[in-house]
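The values are calculated or read from the model by the stated rules, or taken from the named source; none is laboratory data. A quick note: this is a predicted structure, and the numbers were derived from the prediction, not measured. Ideal geometry is used to build each Cβ from the backbone, glycine not excepted, and the neighbour counts take in all protein chains shown.
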Amino acid sequence: MLIIQEVLVSDDVVKKQFMCNLSACKGACCWEGDYGAPLEKEELSILEDNYSKIKPYLTKDGIVQIEAKGLYNYFKGMDDFGTTLLDNGACAYMTKDTNGTAKCGMEAAYNDGVSDFKKPISCHLYPIRVNNDENSSFEAMNYDKWEICDAACKLGEEHQMPLYQFVKEAIIRKYGLDFYEELHAAAQHLKAD
């Protein structure tokens, strides 16, 4: 376990190899699971502010569900807010490309420059999950191992891509460049041992 700027970082974050392999999984993390993508408190209002810009990028079913159930929902099982789900369990913000690979409507709007919300940080960081301990000032970064990502682990091993490097942009987005550089230095130190 590492401690970087009061964030507990599991050894798996720096030791596991990972690189998304969308040709294998088709983005299954967008439609598998029991809950919507976790949303941080500040993301709730950001989503509210950007929904009208994101809406044209969504599927008809996604729009219907969002407008019936809300932009996000509280999921008792994860004790937090998450993105709205379709009845089949898929994220209501999910779209698919011509190959049937999941894409994010939020990210498409962001990439086109019409929205300033890329996507939930939980999606951007995945398969890292950040847990907050309300009894302390610590957050914990953990690797969320899931069999749907086995192909990503294999591809990461082939390319020798540590998980934290694969999600570098997301780590910098959440914690800043200084945090990432400290994490990278600690990972290099562990690797040398």
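From the list 137, 122, which one is in contact with an Asp or Glu (Cβ under 7 Å, 6 or more places away or on another chain) and small (Gly, Ala, Ser)?
Numbers: 122 fails: in contact with an Asp or Glu (Cβ under 7 Å, 6 or more places away or on another chain).
Result of the check over 137, 122: 137.
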Identify, please: which residue in the stretch 35-88 is among the acidic types (Asp, Glu) and either in a helix (DSSP H, G or I) or exposed (fewer than 13 other Cβ atoms within 10 Å of the Cβ) (or both) and is, among those, nearest to the chain's Cα centre (by Cα)? 43
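Considering each of 117, 81 in turn, give the residue that is under 24 Å from residue 22 (Cα atoms) and among the aromatic types (Phe, Trp, Tyr). Steps first, answer last, please.
Details: 81 fails: under 24 Å from residue 22 (Cα atoms).
That would be 117, the only listed residue that is under 24 Å from residue 22 (Cα atoms) and among the aromatic types (Phe, Trp, Tyr).
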Filter the stretch 142-193 down to the residues that are outside any helix (DSSP H, G or I) and over 20 Å from residue 130 (Cβ atoms), then identify the one that is farthest from the chain's Cα centre (by Cα). 193
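Scan the stretch 10-23 for residues that are in a helix (DSSP H, G or I), in contact with a Leu (Cβ under 8 Å, 6 or more places away or on another chain) and of a type outside the set (Asp, Glu) and report the count.
Looking only at that region, the number is 3.
Scanning for something within 20 Å of residue 35 (Cβ to Cβ), buried (at least 19 other Cβ atoms within 10 Å of the Cβ), in contact with a Ser or Thr (Cβ under 8 Å, 6 or more places away or on another chain) and not assigned by TED's automatic domain parsing to the domain that holds residue 183, does the stretch 131-151 turn up at least one residue?
Going residue by residue through the stretch 131-151, those that are within 20 Å of residue 35 (Cβ to Cβ) are 131-134, 139-149.
Next, from what is left, pick out any that are buried (at least 19 other Cβ atoms within 10 Å of the Cβ): 141, 143, 149.
Then drop every residue that is not in contact with a Ser or Thr (Cβ under 8 Å, 6 or more places away or on another chain), which leaves 141, 143.
Next, from what is left, pick out any that are not assigned by TED's automatic domain parsing to the domain that holds residue 183: none.
There is no residue in the stretch 131-151 that is within 20 Å of residue 35 (Cβ to Cβ), buried (at least 19 other Cβ atoms within 10 Å of the Cβ), in contact with a Ser or Thr (Cβ under 8 Å, 6 or more places away or on another chain) and not assigned by TED's automatic domain parsing to the domain that holds residue 183.
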I need the full set of residues from the stretch 72-103 which are among the small types (Gly, Ala, Ser), within 13 Å of residue 36 (Cβ to Cβ) and in contact with a strand residue (DSSP E or B) (Cβ under 7 Å, 6 or more places away or on another chain), in order please. 82, 92
Looking at (1) in the same structural domain as residue 10 (by TED's automatic domain parsing); (2) over 20 Å from residue 18 (Cβ atoms); (3) under 17 Å from the mean Cα position of the chain (by Cα), which one does residue 91 not meet, given that it meets all the others? (1)
Please find, within the stretch 1-30, the residue that is nearest to residue 151 (Cα to Cα) out of those that are in contact with a strand residue (DSSP E or B) (Cβ under 7 Å, 6 or more places away or on another chain) and of a type in the set (S, T, N, Q). 17
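So, in the stretch 1-33, of the ones that are among the β-branched types (Val, Ile, Thr) and surrounded by 14 or more Cβ atoms within 10 Å (Cβ to Cβ), which residue ends up nearest to the chain's Cα centre (by Cα)? Step through it out loud before you land on a result.
First, pick out the residues of the stretch 1-33 that are among the β-branched types (Val, Ile, Thr): 3-4, 7, 9, 13-14.
Now drop any that are not surrounded by 14 or more Cβ atoms within 10 Å (Cβ to Cβ), which leaves 4, 7, 9, 13-14.
On the way: 4: 20, 7: 18, 9: 16, 13: 14, 14: 17 Å.
Looking at residues that are among the β-branched types (Val, Ile, Thr) and surrounded by 14 or more Cβ atoms within 10 Å (Cβ to Cβ), I get 13.
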Return yes or no: is residue 156 touching a strand residue (DSSP E or B) at 6+ places or on another chain (Cβ under 6 Å) and touching a residue at least 24 places away in the same chain (Cβ under 8 Å)? yes
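Listed here are the residues, each with its yes/no results for (1) farther than 26 Å from residue 96 by Cβ; (2) outside the structural domain of residue 150 (by TED's automatic domain parsing); (3) touching a Phe, Trp or Tyr at 6+ places or on another chain (Cβ under 8 Å).
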residue	(1), (2), (3)
12	yes, no, yes
23	no, yes, no
26	no, yes, no
36	no, yes, yes
39	no, yes, yes
42	yes, yes, no
48	no, yes, no
